[in-house]
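The values are calculated or read from the model by the stated rules, or taken from the named source; none is laboratory data. In this text the structure is predicted, and so the values were computed from the model without any measurement. Counting neighbours? That spans all protein chains shown, and the Cβs are built from the backbone with ideal geometry, glycine included. Quick note on the areas: whole protein, heavy atoms, side chains included, nothing else; ligands and nucleic acids left out. Shrake-Rupley method; radii C 1.70, N 1.55, O 1.52, S 1.80 Å.
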Amino acid sequence: MTELSLRHGEGWRMDKLIIRGGAPLRGQVEVSGAKNAALPAMVASLLTEESIRLHRIPQLGDVRTIIGLLNHLGVSVEGRGQEPISLRADRIDRFEAPYQLVKTMRASVLVLGPLLARFGRARVSLPGGCAIGTRPINLHLAALEKMGATVSLDAGYVEAKAPRLKGARITFEGQTVTGTENLMMAATLADGVTVLENAACEPEVTDLAALLNRMGARIEGAGTPTISIEGASHLHGAEHEVIPDRIETGTFMVAAAITGGDVTINRCLPYHLEAVTEKLRETGVLVEETDCSIRVLGDGHVRGVNIRTHPYPGFATDMQAQMMALMSIAQGSSVITETVFENRFMHVNELLRMGADIKVVGTTAFVHGVPTLSGAPVMATDLRASASLVLAGLAAQGITTISRVYHLDRGYESIEQKLLGLGASIERVAEH
Ligand code: EPZ
């Protein structure tokens with residue numbers, strides 16, 4: 001498969017990052033808006049013909065992908081660079097999310113609920129698997145059928161129809177973030193009340209509910225396992241600022257710890273990543289918080305700790321790869337258990353190439369800390385695995401070259417500028 005795939009006119013360059021490790025990171029950095037809040041917020045524009053105006057939308061690969069998909073459906077999107085983005089779905093003339101777009105980003109399935117709720121029809125490509133697992137959407141579909149949708153599979157596409165969705169009591173068999181978001185959006189325009197049980201509690205779900213309520217929805221309980229949504233006849237325009245990115249925040253916290261530095265992360269929400277903070281404190285790292293900033297002081301020595309990922313408010317699966325990089329140079333051992341995805345250890349082989357001592361048995365990784373990692377040419381395979389390799393490169397002796405950096409660009413805005421600002425030796429080399 002060629003690595004260069006063109007998506008709505010955007011070429012995927014084969015950039016590399018070159019990192020010379022060893023410098024303790026010092027200084028202040030401001031995190032961007034959350035990718036996983038921005039994506040559903042932009043899709044929510046499908047629920048009304050009025051304009052939605054969103055602040056703090058990060059400039060990321062995945063944001064460009066969702067804009068491409070929304071444009072394809074007929075949504076007009078304005079706003080450049082750091083400006084607020086305005087979206088208006090007053091001329092929707094397509095109801096299909098094509099495979100070419102969905103295959104590169106699973107979050108595209110979020111258009112299913114809003115299209116069905118507002119237009120009674122949707123044809124969305126099944127996302128297919130990705131590097132971290134099969135990632136089915138069976139929970140999304142079963143819940144939509146409970147609301148009266150007829151769902152069929154046709155040539156790799158989900159065909160869904162519903163003259164009008166009906167409120168229902170739905171218990172998710174397993175916690176699903178985008179499943180909860182899809183159903184919450186679908187229920188805002190349904191006839192009657194919908195109750196979601198065993199709903200995901202992630203902050204991004206709560207942030208989406210805040211936007212939907214600003215649009216005239218009546219949602220209660222977001223952030224808890226039970227969410228009730230009273231259907232409305234229509235929703236109106238709104239303005240909203242998405243929450244800061246808690247995974248980017250956690251990534252910079254680990255960057256400070258792994259380099260033995262002193263970094264203050266600004267415009268973040270510490271209460272969104274208490275489990276990560278507690279774990280870092282357990283390793284011996286000093287973490288100081290205010291209501292909108294976190295300061296992390298490392299001294300170059302961390303203790304090995306055990307980690308088990310869990311849905312929010314547990315330890316985030318999206319932080320597992322980053323913590324594994326830190327545990328690779330810890331004093332002692334660490335047992336890291338991934339409970340959310342079945343194959344989220346793609347970073348292990350690359351860390352081994354840098355001298356880490358890790359053994360994977362099923363969904364558990366046994367890490368024995370080594371005194372230091374050695375720089376090496378490595379390859380990014382998925383978003384958080386690539387973050388893990390950047391962190392390892394910052395701590396390693398010598399040069400680390402990371403290829404396929406487009407994985408990283410999906411979820412981190414201007415990461416090399418932010419790291420340069422903290423004293424890292426890092427540069428991006430465009431591959432031609
Ligand atoms: C969201 O993915 C995030 N993406 C992921 O972040 C994050 O890792 C994940 O939640 C877990 O926190 C966005 O919000 C855009 P799930 P999502 O549905 O919603 C299984 C990143 O790095 N499942 O909560 O796709 C699924 O296979 C990305 O930013 C079903 O079996 O994840 C997984 O094992 C990666 N059937 C588990 O549930 C379904 O219908 C959790 O998946 C849905 C999910």
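Would you work out if the range 290-432 is rounded, prolate or oblate? Take a ≥ b ≥ c from the square roots of the eigenvalues of the alpha-carbon gyration tensor; rounded if a/c is under 1.5, else prolate when a/b is larger than b/c, oblate otherwise. Cα axes put the range 290-432 in the rounded bin. Size of the range 10-52 from its Cα atoms: along the principal axes, largest to smallest, the extents are 52, 30, 14 Å. Taking the centroid of alpha carbons for each part, the range 10-60 and the range 353-417 are 20 Å apart. Against the chain, whose longest principal axis is taken from its Cα atoms, helix 203-214 shows a tilt of about 30°. The lysines whose alpha-carbon is closer than 30 Å to the alpha-carbon of Lys161, local same-chain residues fewer than 8 away aside, are Lys35, Lys103, Lys146.
Of the GluC sites (Glu not before Pro) found in the range 342-432, those that fall in a DSSP loop while having at most 16 other beta-carbon atoms within 10 Å are Glu342, Glu431. Taking all pairs of different Cα atoms in the range 89-216, averaging 1/r and flipping that mean, what Kirkwood radius in angstroms comes out? It is 14.7 Å.
For the range 222-268, the orientation-averaged shadow of the C-alpha convex hull comes to 5.5 nm² (one quarter of the hull surface). Per 5 Å bin from zero, what fraction in whole % of the C-alpha pairs of the range 244-304 is there, up to the bin with the longest pair? With 5 Å bins starting at 0, P(r) equals 4, 22, 36, 25, 10, 2. Basic side chains Lys and Arg get +1 at the Cβ, acidic Asp and Glu get -1 at the Cβ, and with that the dipole of the chain about its Cα centre reaches some 600 debye.
Once backbone amide H atoms are built at 1.01 Å from N, Asp357 has His368, Val370 as its partners under 5 Å, excluding neighbours fewer than 5 places away on the same chain. Ordered from largest to smallest accessible area (heavy atoms of protein chains, 1.4 Å probe), the residues Met14, Met215 come out as Met14, Met215.
The alpha-carbon positions of the range 362-427 define a convex hull whose volume is 106 Å³ per residue.
Ligands, DNA and RNA left out, the 1.4 Å accessible surface of the chain is 51% carbon and sulfur atoms. The largest-to-smallest principal axis extents of the Cα set in the chain are 63, 45, 39 Å.
Consider all pairwise Cα distances in the range 1-155 and report the whole-number % of them above 27 Å.
Cα-Cα pairs of the range 1-155 separated by over 27 Å account for 32 percent.
If I take all pairs of Cα atoms in the range 86-132, what percentage of them are more than 15 Å from each other?
Counting every Cα pair in the range 86-132, those more than 15 Å apart make up 46 percent.
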